[in-house]
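Written out below as structure tokens is the structure these notes cover.
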4 protein chains.
Amino acid sequence: MIKAGIVGATGYTGQELLRLLVKHPQVTLQAVTSRGEAGTAVARYFPNLRGSLDLAFVEPGVDALGDCDVVFFATPNGTAMTQVPALIDAGIRVVDLSADFRIRDIDVWSKWYGMEHACPDVVAEAVYGLPEMYREETRSARVVANPGCYPTAVQLGFLPLVKNGLVDNSRLIADCKSGVSGAGRSASIGNLLCEASESMKAYKINGHRHLPEIRQGLSAACAGNIGLTFMPHLTPMIRGIQASLYATLLDTDIDLQALFEDFYRNEPFVDVLDAGMSPDTRNVRGTNNLHLAVCRPQGGDIAVVLAAEDNLVKGAAGQAVQNMNIMFGFKETAGLDIVAALP
Amino acid sequence: MIKAGIVGATGYTGQELLRLLVKHPQVTLQAVTSRGEAGTAVARYFPNLRGSLDLAFVEPGVDALGDCDVVFFATPNGTAMTQVPALIDAGIRVVDLSADFRIRDIDVWSKWYGMEHACPDVVAEAVYGLPEMYREETRSARVVANPGCYPTAVQLGFLPLVKNGLVDNSRLIADCKSGVSGAGRSASIGNLLCEASESMKAYKINGHRHLPEIRQGLSAACAGNIGLTFMPHLTPMIRGIQASLYATLLDTDIDLQALFEDFYRNEPFVDVLDAGMSPDTRNVRGTNNLHLAVCRPQGGDIAVVLAAEDNLVKGAAGQAVQNMNIMFGFKETAGLDIVAALP
Amino acid sequence: MIKAGIVGATGYTGQELLRLLVKHPQVTLQAVTSRGEAGTAVARYFPNLRGSLDLAFVEPGVDALGDCDVVFFATPNGTAMTQVPALIDAGIRVVDLSADFRIRDIDVWSKWYGMEHACPDVVAEAVYGLPEMYREETRSARVVANPGCYPTAVQLGFLPLVKNGLVDNSRLIADCKSGVSGAGRSASIGNLLCEASESMKAYKINGHRHLPEIRQGLSAACAGNIGLTFMPHLTPMIRGIQASLYATLLDTDIDLQALFEDFYRNEPFVDVLDAGMSPDTRNVRGTNNLHLAVCRPQGGDIAVVLAAEDNLVKGAAGQAVQNMNIMFGFKETAGLDIVAALP
Amino acid sequence: MIKAGIVGATGYTGQELLRLLVKHPQVTLQAVTSRGEAGTAVARYFPNLRGSLDLAFVEPGVDALGDCDVVFFATPNGTAMTQVPALIDAGIRVVDLSADFRIRDIDVWSKWYGMEHACPDVVAEAVYGLPEMYREETRSARVVANPGCYPTAVQLGFLPLVKNGLVDNSRLIADCKSGVSGAGRSASIGNLLCEASESMKAYKINGHRHLPEIRQGLSAACAGNIGLTFMPHLTPMIRGIQASLYATLLDTDIDLQALFEDFYRNEPFVDVLDAGMSPDTRNVRGTNNLHLAVCRPQGGDIAVVLAAEDNLVKGAAGQAVQNMNIMFGFKETAGLDIVAALP
């Protein structure tokens, strides 16, 4: 058993970490922090945890977290970077679910996130925690930058094509639809049920922060430049990302189905559906699974990859637990062996 | 490990049994039947089970189910009663999630369900599987009649009041709101998303089949007559029952909060919330928990009990697994130790 | 044509007033105020109004509203009472959609609303704008207190029974379910799509502000005391109130269907459905109609009245327009002749 | 006043025609047909019409429709083609909301719709009723083929680019998201609330019937070939289509905003939003408006057009009424001057 802490557990990714970690067979939850709710029993604040967790929120800081083997940051961008250096100095390993350590180019990060970075040296050592790309590096990482929700789906969808040099990398298109939980658990008019249900729209049409993250990952995969049009859409549901990815094939003779199945054959959480099936977010809801499909409509030269994940699990907390499992040598599926509840 | 079969697994209660049983530590799924889908891989039909279940649907019958220790019926009313006698003759124990064995008075059953009963003798021996009332009888039962979704919430809500003779039993009111999954997984215009979402209405206003079931249970609890107005409402969500129960107190000096807490202190799945809290269906979604609260608005003589459950879990498949656990001497919470996913 | 102003038009009732008034055949929108959005084009803020309204929000005050014949307050409680006296002194008639002028007993109002009242004398002259009760008084009113959403449905549902002395007034029960728009358009975590959808719960279980308003109205109708248990529930939809009302009949020989049909025969917006039908909120969505049904389940002595309305129309802005029509001698249905859009 | 009939009014497009036509200032509803519901009062079947329509459904046929000036077909594909010849012989003009007369190439139609065409000669004379393209031809048409829901949004979105030769026509991509009402009002498991809500997926990934219709229209606009990848997605809401359209610009110097504004300047129902805004389906819900936006993310050579419409109005019944208005010389906006209800 290792001891885990969660910083910022009152948001949606923190809430989901709580759900996963209280049932993880090799983890004891040691500390759950929240500035606003310090002193409140976690199970009073989140009644779904009644009977499963007997902790109160505490103030964040090394004091609260010093006994932990691993600390998860489920905080707004800009928070982890101020606290992580002290933790790793104290020998605590970190999985950061925010964006603080995802972008290697500090200038790019500052431009998109609108602030100075507090610890560029930690960025340099942090491992980008997409296990399907960086599993080996993750084993010994002190700091894992857990990928964003969209970047997980888009990178894993494009990866077999881009890494194998099969498509025109200059005009990739990612049309992504996310449930409202992707916007986080903060009070905002735009995410009220009355505003966001019975409605569909593209948002951040002039540039979403996940664009540089996706470009960085796919560029690394092909060792070249990536031209990507990334269009996120707010979808009237709680959880789930559906991504439809479009790329122009350089050669239409390839058997895309076989390519994808081979590429992900040994991955525990990436599942290539049978030909003709379409990934549906509800089939992966609450789980760490990513469902993929690939097709070539009308036999043309456009490859379409369809992906479905739960933005809070494979797109956030579940992938964070998967990374923890890798870091500590646990079975990679430990605590993540969940069947989606239908309907 | 025992071997379990499911008859009629393509509906919502069957689907939920699948989810729970594939992860149950003491159960092997032996046979899953469906007339319409015989031959189809279950995980092809329900893609949420990909990687978790390697069975195909088979035709129902003793041939398919003969090796089972327990068989669950998740069939429409009227099916189990034709198949159960042969199974129990073969030494197989049965948990029936339909209404075939719930009503002891055969005439009442026939009137409300519109058919002759095929095996009144099995009704006579069947145990009504509400563990909080009939746990002991369930241990040795050959046939358990798993309670209906509304009857579970309404009986458990009224029970502390009725059993203790604290209220006027002649004018109980149960105003119940159910998610649409309560209507089952059959094609009907009324349950289309376009008809049932963004809408709220009472239905079956002149009498719902769960009325005699609730009356039977509460009458047994108080050894007297029950006058009950039961009004079900179709609520625009997938899962969940919220019940608001109203009763006139015979004596307003009673400490209702203490009464309820004491009454359910040792029940693993009935949770009386702190005073002032209101049970919310989302906090029990996907779990076998029933959340209860009790209050006396404006200090008057009307007691209001609020209950929330997942109609497919504590109201159906979860309670069926709980009953199986009791029948086979497993820990009562085995396979049901689930935290609701929020949001 | 009269000139109308709206104070506080960025909330849901204001938004709905805008929709109704821009198409009203006898109204010109003269001024739409908002402190926060002064200077912004209304149709930029609410793109549904593009092409229908060419006004910008202005700062509130007599300056902005001095040319109006009628001003609607769609403001939080406590705002109208500070501005209405100056407006009526200037000869402007007022329809207040907030609660400031609804409760005649100032002490009761202060207790439930938590503030001192700024103009008790205006309360004394204000007419409670439930046309089915106070149509005549409304014609000449300077200030109309537009009823709350729940009080509209509950009073109109109980009225035929209570006014005719047919039920035990000491134990009325109103179990009400409201869409989330009833909570208004302010940023709050509890009303986020992720919190309020796929969920059902009672709220304000120890007392909702609409309780004294309903009691006042029904007490006036029966010239006696009313004992009411009022339980509101947050329902996962945008619009609509469904109310299920329970009362004990003093005499079960009455023909309830005929009673209700006669009672509301001449009302343009109250529609008693055929026996056996159940009011569904979607059938009145976006309209000023209230659908009613009445039944006596199992032929017992409990009368159940079912009501459905759109909380933002008959429960707020539509009733406000209806009141304006009465005040200015327009046809009562002017601007309100709308068919609900199904699905 | 003209007399109108509706064939097949029990589906969603028929229901929407009823809503629009009962309030149309120049139309009297003469006959509403339904085989299954003949004899039932329409307002009993659709309670939203109580008080607005005093007709019963009748059996279809020239007998019922002979007095009409115009007949709308809101029937499944394959029905109108068997009945329209007799009607036009009787001098009745027709607007067909099904696909029977949309595709000029009979072989293409037969291939995609899986049946022989019953009256190719009527196809030859039918006018494709997209007013923004064929307004003049519509004025004198005997038969108008009302466009499909997706084709309306996709064609109007691409039209300014394609007609002006500004993009690579060989690799257009249309990623479209539709509410569930697009699937029609027939009982199917896939469209149950429990299956379609809280879920997102692409469907008909190997080819949707609207593909040849869109290709035909855009090919006509550019007098050339169109290569189109069209991917429809089932979105968890009742109404609305959001389309995100991607095209490679041949020249990035063009001012796309000005181009679009100019192109649609005189269109009453196509509204180009201000730069930076994103069309949201709720802003056009229940209305005949199409909202458009155009942008060039990151200043690259991919033009993105965003479109939002109500699939049942501009995508079906509203456009049908618009076509009727054109055919009979009414003001084009008659009966369609509606403000979307927010929220």
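Taking the conditions (1) surrounded by 24 or more Cβ atoms within 10 Å (Cβ to Cβ); (2) within 19 Å of the chain's Cα centre (by Cα); (3) within 10 Å of chain B (Cβ to nearest Cβ) in turn, C:CYS194 satisfies each one other than (2).
If you check B:GLN298, B:GLN319, B:GLN257, B:GLN242 for being closer than 26 Å to B:THR75 by Cβ and either away from chain C (no Cβ under 14 Å) or not hydroxyl-bearing (Ser, Thr, Tyr) (or both), only one passes: B:GLN319.
Selection of segment A:1-55 for residues being more than 23 Å from the chain's Cα centre (by Cα) and small (Gly, Ala, Ser) yields A:GLY36, A:ALA38, A:GLY39, A:ALA41, A:ALA43, A:GLY51, A:SER52. Restricting attention to segment D:51-77, the residues that are part of a loop (DSSP other than H, G, I, E, B), out of contact with any Phe, Trp or Tyr (no Cβ under 7 Å at 6 or more places or on another chain) and under 22 Å from D:LEU130 (Cα atoms) total 4. Of all residues in segment C:215-252, those that are part of a strand (DSSP E or B) and of a type in the set (Val, Ile, Thr) total 3.
Is there a residue being among the polar types (S, T, N, Q), touching a residue at least 12 places away in the same chain (Cβ under 8 Å) and more than 11 Å from every other protein chain (Cβ to nearest Cβ) anywhere in segment B:245-252? Steps first, please.
Going through segment B:245-252, the residues among the polar types (S, T, N, Q) turn out to be B:248, B:252.
Of the ones still in play, those that are also touching a residue at least 12 places away in the same chain (Cβ under 8 Å) are B:248, B:252.
Applying the additional criterion that residues be more than 11 Å from every other protein chain (Cβ to nearest Cβ) yields B:252.
Yes; the residues of segment B:245-252 include at least one that is among the polar types (S, T, N, Q), touching a residue at least 12 places away in the same chain (Cβ under 8 Å) and more than 11 Å from every other protein chain (Cβ to nearest Cβ).
Residue check: D:ARG93 meets all listed conditions (1) among the charged types (D, E, K, R); (2) farther than 21 Å from D:PHE328 by Cβ; (3) surrounded by 17 or more Cβ atoms within 10 Å (Cβ to Cβ) but one, namely (2).
With the condition kept exactly as written, say whether any residue in segment B:105-123 is in a helix (DSSP H, G or I) and closer than 23 Å to B:LEU21 by Cα.
Looking only at segment B:105-123, we keep the residues that are in a helix (DSSP H, G or I), and these are B:106-113, B:120-123.
Imposing the further condition that a residue be closer than 23 Å to B:LEU21 by Cα reduces the set to none.
No, segment B:105-123 has no match at all.
Could you tell me whether any residue of segment B:325-333 is away from chain C (no Cβ under 14 Å), touching a residue at least 24 places away in the same chain (Cβ under 8 Å) and within 30 Å of A:ALA317 (Cα to Cα)? Checked segment B:325-333: at least one residue is away from chain C (no Cβ under 14 Å), touching a residue at least 24 places away in the same chain (Cβ under 8 Å) and within 30 Å of A:ALA317 (Cα to Cα).
Please tell me if B:LEU53 is without any contact (Cβ under 8 Å) to a residue 60 or more places away in the chain and of a type in the set (A, V, I, L, M).
Details: without any contact (Cβ under 8 Å) to a residue 60 or more places away in the chain: yes; of a type in the set (A, V, I, L, M): yes.
Here the answer is yes, as B:LEU53 does meet what is asked.
Put simply, of B:ALA9, B:ALA4, B:ALA74 the only residue that is surrounded by 18 or more Cβ atoms within 10 Å (Cβ to Cβ), touching a residue at least 40 places away in the same chain (Cβ under 8 Å) and away from chain A (no Cβ under 14 Å) is B:ALA4.
When the test is whether a residue is surrounded by fewer than 22 Cβ atoms within 10 Å (Cβ to Cβ), more than 12 Å from every other protein chain (Cβ to nearest Cβ) and within 24 Å of D:ALA86 (Cα to Cα), D:VAL58 passes it.
What about A:PRO212, is it part of a helix (DSSP H, G or I) and of a type outside the set (A, V, I, L, M)? It is true that A:PRO212 is part of a helix (DSSP H, G or I) and of a type outside the set (A, V, I, L, M).
Out of curiosity, is C:GLN83 within 24 Å of C:ALA334 (Cα to Cα), modelled with pLDDT of 95 or more and touching a strand residue (DSSP E or B) at 6+ places or on another chain (Cβ under 9 Å)?
On the way: within 24 Å of C:ALA334 (Cα to Cα): no; modelled with pLDDT of 95 or more: yes; touching a strand residue (DSSP E or B) at 6+ places or on another chain (Cβ under 9 Å): yes.
No, not satisfied.
Of all the listed residues (C:LEU306, C:LEU342, C:LEU336), the sole one being part of a loop (DSSP other than H, G, I, E, B) and facing another protein chain (nearest Cβ under 8 Å) is C:LEU342.
Condition first: assigned to a loop (DSSP other than H, G, I, E, B), more than 9 Å from chain B (Cβ to nearest Cβ) and on the phi > 0 side of the Ramachandran plot. Can you find one or more residues in segment C:161-176 that meet it?
If we filter segment C:161-176 for residues that are assigned to a loop (DSSP other than H, G, I, E, B), which is where we start, we get C:164-166, C:168.
Checking which are more than 9 Å from chain B (Cβ to nearest Cβ) leaves us with C:164-166, C:168.
Cutting the leftovers down to on the phi > 0 side of the Ramachandran plot gives us C:165.
Looking through segment C:161-176, at least one residue is assigned to a loop (DSSP other than H, G, I, E, B), more than 9 Å from chain B (Cβ to nearest Cβ) and on the phi > 0 side of the Ramachandran plot.
Look through segment C:197-216, keep the residues that are closer than 18 Å to C:TYR246 by Cβ and either within 18 Å of the chain's Cα centre (by Cα) or in the same structural domain as C:THR10 (by TED's automatic domain parsing) (or both), and return whichever of them is surrounded by the most Cβ atoms within 10 Å (Cβ to Cβ). First the steps, then the outcome.
Step one: list which residues in segment C:197-216 are closer than 18 Å to C:TYR246 by Cβ, which gives C:202, C:205, C:208, C:210-211, C:214-215.
With the extra rule that they be either within 18 Å of the chain's Cα centre (by Cα) or in the same structural domain as C:THR10 (by TED's automatic domain parsing) (or both), the set shrinks to C:208, C:210-211, C:214-215.
Details: C:HIS208: 20, C:HIS210: 23, C:LEU211: 21, C:ILE214: 25, C:ARG215: 21.
Here the residue is C:ILE214.
Here D:ALA275 does not qualify as within 30 Å of D:ALA141 (Cβ to Cβ) and either hydrophobic (A, V, I, L, M, F, W, C) or touching a residue at least 60 places away in the same chain (Cβ under 8 Å) (or both).
Taken together, the residues in segment D:261-292 that are more than 14 Å from chain A (Cβ to nearest Cβ), surrounded by fewer than 22 Cβ atoms within 10 Å (Cβ to Cβ) and not in a strand (DSSP E or B) amount to 8.
For the criterion of being crowded, with 22+ Cβ neighbours inside 10 Å, of a type outside the set (S, T, N, Q) and at pLDDT 95 or above, D:PRO232 passes. Of the residues making up segment A:164-178, those that are farther than 16 Å from A:GLY207 by Cα and among the aliphatic types (A, V, I, L, M) are A:LEU166, A:VAL167.
The values are calculated or read from the model by the stated rules, or taken from the named source; none is laboratory data. Keep in mind it's a predicted model, so treat the numbers as computed, not measured. In this analysis, Cβ positions are derived from the backbone assuming ideal geometry, glycine residues included, and neighbour counts consider all displayed protein chains.
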